[in-house]
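*Asks:* What follows is a single structure, and I will ask about it in a moment.
Taken together, the values in this text are just the output of simple stated rules run on the coordinates, not laboratory data. These numbers were taken from a predicted model, which means no experiment stands behind them. Cβ placement follows ideal geometry from the backbone for every residue including glycine, while neighbour counts extend to all protein chains displayed.
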Amino acid sequence: MVRPSANVVQLLSPSVLPSHATLTSVNMRVASKLFLVMGFGYIFPYCAMMQPVDYWTTLFPNFNLVFALSCVYNVANILTFVVILWRSRTPQYSLQIVGGFAVQVVVLILVPLSYYFLSGESQHLVMVLTSTGVLAIASSFLDSAVFSLASLFPKGALENVQLGI
């Protein structure tokens, strides 16, 4: 497992950034680039699942998978986000961000690999829809943590998260 350098961890640690603190221009540039990557990274799996419309139509000719993917993703994402808001604890940035990205990577690897160990069309359909739900849950944790963390930084950080999307 690759561990971020101590400087990156310190840079993204909210305890290092009290409300009266200022960032140097170098640190802010690094933070802005990291937030840009996080903004792109957390929305990428959704795009990866929604883009191959022709592929899904070929695999599931009798089922409108694109609509089902969109519904599963949005329902799972919104329900998870409501639970996160209802829970209303202090976010655990490292766990939510690293954990969210790790889950997304694992799911994006498992979806194509599932065609080697699942045999029927219905099994593939369940795998794709379940994977989409898991991606949505991970994205919800990422979304809340990334935007929350970016809001602790000067305005350029939040703008870079949105630019990454």
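*Asks:* Looking only at the stretch 95-124, how many residues end up being touching a Leu at 6+ places or on another chain (Cβ under 7 Å), hydrophobic (A, V, I, L, M, F, W, C) and under 22 Å from PHE67 (Cβ atoms)?
*Replies:* Total satisfying the criteria: 1.
*Asks:* Still on this structure, please answer the following. It is to be established whether one or more residues within the stretch 153-163 are in contact with a helix residue (DSSP H, G or I) (Cβ under 6 Å, 6 or more places away or on another chain), within 30 Å of PRO61 (Cβ to Cβ) and not hydrophobic (A, V, I, L, M, F, W, C).
*Replies:* No; the residues of the stretch 153-163 include none that is in contact with a helix residue (DSSP H, G or I) (Cβ under 6 Å, 6 or more places away or on another chain), within 30 Å of PRO61 (Cβ to Cβ) and not hydrophobic (A, V, I, L, M, F, W, C).
*Asks:* Name every residue in the stretch 55-68 that is surrounded by 12 or more Cβ atoms within 10 Å (Cβ to Cβ) and assigned to a helix (DSSP H, G or I), in order of residue number.
*Replies:* Of everything in the stretch 55-68, those that are surrounded by 12 or more Cβ atoms within 10 Å (Cβ to Cβ) and assigned to a helix (DSSP H, G or I) turn out to be TRP56, THR57, LEU59, LEU65, VAL66, ALA68.
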